[in-house]
Amino acid sequence: MYTATAAPVPRDKLCSAAAMAPSQRLLLLIPTTTYRTEDFVEAARALDVDLVIASDRPNVMAGEFPDHLLTLPFDDPEAAAREVRAYADEKVRYRFRTRRAYLEQLIAEHEIDWVNSLFLSCRFSAQRIGPYNEFVYVFFKCLSEERLNYAEGWFAEQNAAEASETVTLGEWEVQRRCPHLKADLTRFASIEDGVLTCQMHGWKWRLADGKCLTSVGHDLRCAPAGQPVPGAEPVVHQDHRGQHEMSESADD
């Protein structure tokens, strides 16, 4: 076990830390041999950060400043994490338990759907505080950029206003979500020679009439900037002029 003794934090510095606004809170892990504690406290005070100092041995001032001094078992990270969560009064609303070997296998195989690969096998237990949350399980089905973009687009389009939302890309007004798999075109669209390409999967549309050049169907709602987009209800949208060029393409 790590054993060392601390230079006590000056009382005036601790008082300054205790009086700081709680806008930001920082947990600082400091071995008790350090001589830099005062410098860290000064920096936190200057940055208006609520500082909590944790060490592996009780500080002589801990009883006087219990909200800003914490003793943790540095040799047992899991136990230390539990103590920090309890100290912060953190409530774990959704908890899943399973064998470590199962998780290691999923990670090693880069599995992107843990619902079908783990949860349906019933080799886990679950607890929650409050009602069922569909988004938690959807997340575990979408552990890839492609699936996350599709899920975000699908949920967004359940709202009528968001489904009809349009954005300005260069000289064109287009629907925000790609007709293919709902990627956000403010992030993944590029336009060249009157053709919009969604760089998530490389699908292309002719902006003159919205026709898809990659597959039959999947037309794109679009119009020259300033003109109404067919099939779109008037909604407030963001202007992304000049922001549609991508620095790199996503893999197919």
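The values are calculated or read from the model by the stated rules, or taken from the named source; none is laboratory data. None of these values were measured; they are calculated from a predicted model. Reconstructed Cβ throughout: ideal geometry from the backbone, glycine too, with neighbour counts over all protein chains shown.
The numbered conditions (1) at pLDDT below 80; (2) not in a loop (DSSP other than H, G, I, E, B) are all true for Thr33 except (2).
Can you name every residue in segment 140-168 that is among the charged types (D, E, K, R) and over 18 Å from His110 (Cβ atoms)?
Scanning segment 140-168 gives Glu152, Glu157, Glu162, Glu165.
Per the conditions (1) touching a Leu at 6+ places or on another chain (Cβ under 7 Å); (2) closer than 29 Å to Cys178 by Cα; (3) of a type outside the set (S, T, N, Q), the sole criterion not satisfied by Phe124 is (2). Considering segment 111-132, the residues that are out of contact with any helix residue (DSSP H, G or I) (no Cβ under 8 Å at 6 or more places or on another chain) and assigned to a helix (DSSP H, G or I) include one that is farthest from Gln199 (Cα to Cα), namely Ser121. Checked against the criterion of being assigned to a loop (DSSP other than H, G, I, E, B) and either at pLDDT 75 or above or acidic (Asp, Glu) (or both), the candidates Val84, Val92, Val52 yield just one match: Val92.
Screening Lys204 on (1) part of a loop (DSSP other than H, G, I, E, B); (2) modelled with pLDDT of 90 or more shows it passes everything except condition (1).
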